[in-house]
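For reference, the structure is listed below as structure tokens.
The values are calculated or read from the model by the stated rules, or taken from the named source; none is laboratory data. What you see is a predicted model; the values in this text were computed from it and never measured. A quick note on method: Cβ atoms are made from the backbone with ideal geometry, for glycine too, and the neighbour counts reach across all protein chains shown.
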Amino acid sequence: MLLESVTPVIISKNSENTIKRCLESLKNFKHIIVYDNGSTDGTISICRSFNNVILVEGDFFGFGPTKNLAADKAPTDWVLSLDSDEELHQSTLDELSTWHLNEATSVGLILRENWFCGKKITTNGWGNDFIVRLYNKKSHKFTDSQVHEKVETNKNTKTIKLKGKLIHNAIFDIKQTLDKAQLYS
């Protein structure tokens, strides 16, 4: 799959501490959609510094609905969904550069490594998980869940594991832990 056939899509709000690394990991893509819902920090300025970023500003309707709205803005049918605190590892980029995916009913599972305050989490069930992040928006979308959204699949969905990974910088300091707890409660 050529990188021109895939558009990374990210939703963000006040992500200045993580979004630059996220966008740098996606620099080889022709277009990146960043759907920002009200940042008051430096997020918008960082996004505008990348020539391949299409910045869309709008409201937040919950994670699932907002990710679907953002995906609708992608100029391609194939969407690579990332969170603003995730980075696409070079191994995933290498695989996507040569991957041929012709079936719109296929989805790509990507290994997500979770990190806490700069350290990889490997215990307590919150270490490595495979999640659907590559999909064709004509045949798949995120659930309407307000939190803990996921790409909907069905019995006709062909699931393919990619060899690469995502680096999820879940928590970089204790203040962020408290902020996330408040957001999700």
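Brief remarks on what is shown
- Yes/no for Lys27 being out of contact with any Asp or Glu (no Cβ under 6 Å at 6 or more places or on another chain), among the charged types (D, E, K, R) and crowded, with 16+ Cβ neighbours inside 10 Å: no
- Hey, Thr122 free of Cβ contacts under 8 Å to residues at least 60 places away in the same chain and in contact with a Ser or Thr (Cβ under 8 Å, 6 or more places away or on another chain) or not: no
- Region 153-170, residues that are under 18 Å from the mean Cα position of the chain (by Cα) and either in a strand (DSSP E or B) or surrounded by fewer than 12 Cβ atoms within 10 Å (Cβ to Cβ) (or both): Thr159, Ile160, Lys161, Leu162, Lys163, Gly164, Lys165, Leu166, Ile167, His168, Asn169, Ala170
- Some residue of region 59-78 being of a type in the set (Phe, Trp, Tyr), out of contact with any Phe, Trp or Tyr (no Cβ under 6 Å at 6 or more places or on another chain) and modelled with pLDDT under 95: no
- Single residue of region 144-168 satisfying the filter (under 17 Å from Gly108 (Cβ atoms) and aliphatic (A, V, I, L, M)) that is modelled with the highest pLDDT: Val151
- Failed item in (1) of a type in the set (A, V, I, L, M); (2) assigned to a strand (DSSP E or B); (3) in contact (Cβ under 8 Å) with a residue 40 or more places away in the chain; (4) touching a helix residue (DSSP H, G or I) at 6+ places or on another chain (Cβ under 8 Å), with Val147 passing the rest: (2)
- Qualifying residue in region 116-126 (condition: surrounded by 14 or more Cβ atoms within 10 Å (Cβ to Cβ) and outside any strand (DSSP E or B)): yes
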